[in-house]
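Below is one structure, written out as structure tokens; the observations come after it.
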Amino acid sequence: MSAFSPAVFRPRLSRPSWLSPKVFRTEVLAGLVVALALIPEAISFSILAGVDPRVGLFASFTMAVTISICGGRPAMISAATGAIALIVAPLARDHGLDYLIAAVILGGLLQVLLAVLGVAKLMRFIPRSVMVGFVNSLAILIFAAQVPYLIGVPWLVYPMVAVALVIMVVLPRLTKAVPAPLVAIVVLTVVTVVAGFAVPTVGDQGALPDSLPVLGLPQIPYTVATLQVIAPYALGIALVGLMESLMTAKLVDDITDTGSNKTRESWGQGVANIVTGFFGGMGGCAMIGQTMINVKAAGARTRLSTFLSGVFLLILVVSLGDVVARIPMAALVAVMIIVAVSTFDWHSVAPATLRRMPWGELAVMTFTVAAVLITHNLAIGVIFGVLTAMVIFARRVAHMVEVTSVLDPDETTRIYSVHGELFFASSNDLVHQFDYAGDPDRVIIDMSHAHVWDASSVAALDAITTKYASRGKTVEIIELNQSSARIHGTLAGQLGVGH
């Protein structure tokens, strides 16, 4: 063959990692485990939203399958969630299912729009302390959600949960060929059926569907009045869904030491909600608990596990509903307890860590956890945590502005040198660091080591020059950097200081 043969330059197609037999087996089993864990969750969230269990189950199927194709974070699970259920519950109660579905579709469209506008870039403004608070509060919520299944139940539930926990702790030390959660679920189900134990099962949570979801449009009047009704709920779906999904994607990035496309994940969530709405689902976003099962407990890393979790879910509830209904809730509770324990960042609350951590970081983490636990809303907790971090940062930086001065040899000019970042918090103290009465007739303010960020800083400089002028003294501001000179030149003398 000639060295210049076109065949030499033919590009090699990379083989998807999930085609490897070992990876394929891991992804398939992970998808099955997640599907089993999704069923009671989806039913519970449907009840929380005030709709038929099929609405939540169909939403979990369409969300998982669509996001596996459109999403930017492989191995992350999206389905019907409690956060979205809380948002849409009043709409379903007051206006019915069709209005809920319309809000889900509109919410998906808003998510696509926000993705195009670059909302994913805002993730860079979330501090690590907020992320730690997010993870820890998530773990607490996951554990707390299991408590109702352990209260007022037959005594057999407790040893069954204990056995499942032992299986999931011990089995991974012996072999990882099969996910320990799947083994625990199968073992407890077989024992329950064979022994005829009367314990709560998946079937007790609600009726499972016996048909496939159908494509259709919500039966609502397409008017401005309808838009006014659904728009606030759609905006809530869009914002909360994106925040939880992007935070979960970042968490999976850290766990797997891999990156992900947050912009693609943002519009992928929107597409998934649009598809879910057209198939009559209640909408959703990333499911953190099920994602942790998929990534940490089952070891999945590709889109295949996400896709199969949705496919298996539909097969299980439609074709094997009678079998799935007999799975004891004790098995699924044990799985979620393991997820909660493994999700919590125990290092963050270790005494050695607490002694070394700055008080501001501890405050942000604590406030984030407290806000989530009080509101049961992860998005509100993150917003509160970020705002707290901003306040603490502004307070800290506000005291980092330093003013020094020297008198020239002939004692006719006082030269002040300003060091630090001038913005609304720090510039307030700047005015009080000059000796207006005692300074000579000429004052120079050297800004070579400072930066002017906002109108408050320009107003502070105007106030200084005004105070000197009222005493017949002149002020010269020198050495402004290019950005500072631009904002100062635009606003100086235009802010009404002293009038």
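Conditions (1) under 23 Å from ALA272 (Cβ atoms); (2) in contact with a Phe, Trp or Tyr (Cβ under 9 Å, 6 or more places away or on another chain); (3) of a type outside the set (S, T, N, Q), marked per residue:
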position	(1), (2), (3)
GLY196	no, no, yes
PRO200	no, yes, yes
PRO209	yes, yes, yes
GLY216	yes, yes, yes
PRO232	yes, no, yes
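Just to be sure before I move on: is SER457 out of contact with any Gly (no Cβ under 6 Å at 6 or more places or on another chain) and part of a loop (DSSP other than H, G, I, E, B) in the structure I sent? Spelling it out, it is not the case that SER457 is out of contact with any Gly (no Cβ under 6 Å at 6 or more places or on another chain) and part of a loop (DSSP other than H, G, I, E, B). If we keep just the residues of region 341-397 that are outside any helix (DSSP H, G or I) and touching a residue at least 24 places away in the same chain (Cβ under 8 Å), which is least open to solvent (accessible area, probe 1.4 Å)? Filtering first and then ranking leaves ASN377.
Of all residues in region 145-157, those satisfying the criterion of being free of Cβ contacts under 8 Å to residues at least 40 places away in the same chain and either closer than 30 Å to THR81 by Cβ or in a helix (DSSP H, G or I) (or both) are VAL147, PRO148, ILE151, GLY152.
Per the listing ASP435, ASP410, ASP446, the residue uniquely in a strand (DSSP E or B), out of contact with any helix residue (DSSP H, G or I) (no Cβ under 9 Å at 6 or more places or on another chain), open to solvent by 30 Å² or more (accessible area, probe 1.4 Å) and of a type outside the set (Phe, Trp, Tyr) is ASP446.
When GLN494 is tested against (1) without any contact (Cβ under 8 Å) to a residue 24 or more places away in the chain; (2) open to solvent by 60 Å² or more (accessible area, probe 1.4 Å); (3) under 19 Å from GLU421 (Cβ atoms), exactly one condition is not met: (3).
Which residues, taken from region 119-131, are in a helix (DSSP H, G or I), of a type in the set (Val, Ile, Thr) and open to solvent by 10 Å² or more (accessible area, probe 1.4 Å)? Spell out how you get there, then give the answer.
Let us first name the residues in region 119-131 that are in a helix (DSSP H, G or I), namely 119-125, 128-131.
The next check asks that each one be of a type in the set (Val, Ile, Thr); those that pass are 119, 130.
Within region 119-131, VAL119 is the sole residue that qualifies.
Residue under question is ILE87, and the condition is that it be at pLDDT 90 or above, open to solvent by 10 Å² or more (accessible area, probe 1.4 Å) and either in a helix (DSSP H, G or I) or closer than 17 Å to ILE43 by Cβ (or both); does it hold? So ILE87 fails the test.
Among the conditions (1) surrounded by fewer than 18 Cβ atoms within 10 Å (Cβ to Cβ); (2) under 24 Å from the mean Cα position of the chain (by Cα); (3) modelled with pLDDT of 85 or more, ARG93 misses just one, which is (2).
Before we move on, is TYR99 surrounded by fewer than 22 Cβ atoms within 10 Å (Cβ to Cβ), modelled with pLDDT of 95 or more and hydroxyl-bearing (Ser, Thr, Tyr)? When the stated conditions are applied, TYR99 passes them.
Closer than 30 Å to VAL183 by Cβ and not in a helix (DSSP H, G or I): does that describe ALA300?
Numbers: closer than 30 Å to VAL183 by Cβ: yes; not in a helix (DSSP H, G or I): yes.
Here the answer is yes, as ALA300 does meet what is asked.
A residue that is closer than 30 Å to ALA103 by Cα and either touching a Lys or Arg at 6+ places or on another chain (Cβ under 7 Å) or outside any helix (DSSP H, G or I) (or both) occurs somewhere in region 187-206.
You will find that of LEU422, LEU362, the residue that is under 30 Å from ALA463 (Cα atoms) and out of contact with any Lys or Arg (no Cβ under 7 Å at 6 or more places or on another chain) is LEU422 and no other. Taking the criterion of being open to solvent by 10 Å² or more (accessible area, probe 1.4 Å), modelled with pLDDT of 90 or more and of a type outside the set (Lys, Arg), the residues of region 24-54 that qualify are PHE24, THR26, VAL28, LEU29, LEU32.
ALA115: closer than 24 Å to GLY381 by Cα, assigned to a helix (DSSP H, G or I) and either open to solvent by 30 Å² or more (accessible area, probe 1.4 Å) or touching a residue at least 40 places away in the same chain (Cβ under 8 Å) (or both), yes or no? Considered against the rule, which asks whether it is closer than 24 Å to GLY381 by Cα, assigned to a helix (DSSP H, G or I) and either open to solvent by 30 Å² or more (accessible area, probe 1.4 Å) or touching a residue at least 40 places away in the same chain (Cβ under 8 Å) (or both), ALA115 comes out as yes. Among residues of region 259-301 being hydroxyl-bearing (Ser, Thr, Tyr) and open to solvent by 10 Å² or more (accessible area, probe 1.4 Å), the one that is nearest to MET336 (Cα to Cα) is SER260.
The values are calculated or read from the model by the stated rules, or taken from the named source; none is laboratory data. All values reported here derive from a predicted model rather than from experimental measurement. Here the Cβ is made from the backbone with ideal geometry for all residues, glycine too, and neighbour counts use every protein chain on show. Surface accessibility is based on the protein's heavy atoms, side chains included, excluding ligands, DNA and RNA. Shrake-Rupley method; radii C 1.70, N 1.55, O 1.52, S 1.80 Å.
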